[in-house]
Amino acid sequence: MRRLTESLLELARLDAGQEHIQSGSQDLAQIARECVERIRPLAAESRIAIHCDLAPAKVTGNADQLAQVVTNLLANAIQYNKPNGEIRVSSRAENKTALLVVADTGQGIAA
């Protein structure tokens with residue numbers, strides 16, 4: 001609840017122009033790799049294997065906020081997966097765009 005409140009306050013400050021996002025060049029693959037290692041124990045509790053194929057993918061952004069997005073995707077992939085399931089995380093640069101894919105063996109999202 002505290003994290004949600006902090007996030008809402010941060011959004012309000014950004015919207016009001018009271019705060020600016022510190023951004024720079026980041027490697028999405030490195031951010032994803034760090035997030036996977038942090039969340040791997042949670043996946044292990046549910047007997048979910050995480051496989052990575054992370055190629056460098058440069059982006060401009062805030063490393064902490066990018067890590068929050070990646071961690072949220074991984075947490076959802078764990079929560080909605082099946083026991084003994086898998087998560088595949090990949091990144092690559094394509095046509096001057098950084099791509100991150102988080103796929104799992106869970107139930108999926110309805111159209």
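Which of the residues that make up the range 49-66 are free of Cβ contacts under 8 Å to residues at least 40 places away in the same chain and within 22 Å of Glu86 (Cβ to Cβ)?
Ala49, Ile50, His51, Cys52, Asp53, Leu54, Ala55
Going by what's in this entry, would Ile21 be described as at pLDDT 90 or above and either within 23 Å of Ala98 (Cβ to Cβ) or among the hydroxyl-bearing types (Ser, Thr, Tyr) (or both)?
On the way: at pLDDT 90 or above: no; either within 23 Å of Ala98 (Cβ to Cβ) or among the hydroxyl-bearing types (Ser, Thr, Tyr) (or both): yes.
No; evaluated as a whole, the condition is false for this residue.
Out of curiosity, is Thr71 among the hydroxyl-bearing types (Ser, Thr, Tyr), within 22 Å of Ser23 (Cα to Cα), modelled with pLDDT of 90 or more and open to solvent by 80 Å² or more (accessible area, probe 1.4 Å)? So that I can check it myself, show each step before the final result.
On the way: among the hydroxyl-bearing types (Ser, Thr, Tyr): yes; within 22 Å of Ser23 (Cα to Cα): yes; modelled with pLDDT of 90 or more: yes; open to solvent by 80 Å² or more (accessible area, probe 1.4 Å): no.
No: the conditions fail for Thr71.
Could you count how many residues in the range 83-93 are at pLDDT 90 or above and either open to solvent by 80 Å² or more (accessible area, probe 1.4 Å) or in a loop (DSSP other than H, G, I, E, B) (or both)?
Filtering the range 83-93 down to residues at pLDDT 90 or above leaves 84-93.
Filter once more, so that each one left must be either open to solvent by 80 Å² or more (accessible area, probe 1.4 Å) or in a loop (DSSP other than H, G, I, E, B) (or both): 84-85, 88, 92.
Residues flagged as at pLDDT 90 or above and either open to solvent by 80 Å² or more (accessible area, probe 1.4 Å) or in a loop (DSSP other than H, G, I, E, B) (or both) within the range 83-93 amount to 4.
So, in the range 49-64, of the ones that are assigned to a strand (DSSP E or B) and over 14 Å from Ala75 (Cα atoms), which residue ends up least open to solvent (accessible area, probe 1.4 Å)?
We begin by selecting, within the range 49-64, every residue assigned to a strand (DSSP E or B); these are 49-54, 58-61.
Still in the running and over 14 Å from Ala75 (Cα atoms): 51-54, 58-61.
Numbers: His51: 68, Cys52: 66, Asp53: 109, Leu54: 30, Lys58: 140, Val59: 30, Thr60: 118, Gly61: 11 Å².
Filtering first and then ranking leaves Gly61.
Based on what the data block shows, is Ser46 out of contact with any Ser or Thr (no Cβ under 9 Å at 6 or more places or on another chain) and surrounded by fewer than 18 Cβ atoms within 10 Å (Cβ to Cβ)? Working first, answer last.
On the way: out of contact with any Ser or Thr (no Cβ under 9 Å at 6 or more places or on another chain): yes; surrounded by fewer than 18 Cβ atoms within 10 Å (Cβ to Cβ): yes.
Taking the combined requirement at face value, the residue satisfies it.
Regarding Val101, is this residue under 15 Å from the mean Cα position of the chain (by Cα) and closer than 20 Å to Glu6 by Cβ? So that I can check it myself, show each step before the final result.
Working: under 15 Å from the mean Cα position of the chain (by Cα): yes; closer than 20 Å to Glu6 by Cβ: no.
In short, no.
The values are calculated or read from the model by the stated rules, or taken from the named source; none is laboratory data. What you are looking at is a predicted structure, and each value in this text was computed from that prediction instead of being measured. Neighbour counts are summed over all protein chains in view; Cβ atoms, including those assigned to glycine, are modelled from backbone coordinates with ideal geometry. All accessible areas refer to the heavy atoms of the entire protein, side chains included, with ligands and DNA or RNA removed. Shrake-Rupley method; radii C 1.70, N 1.55, O 1.52, S 1.80 Å.
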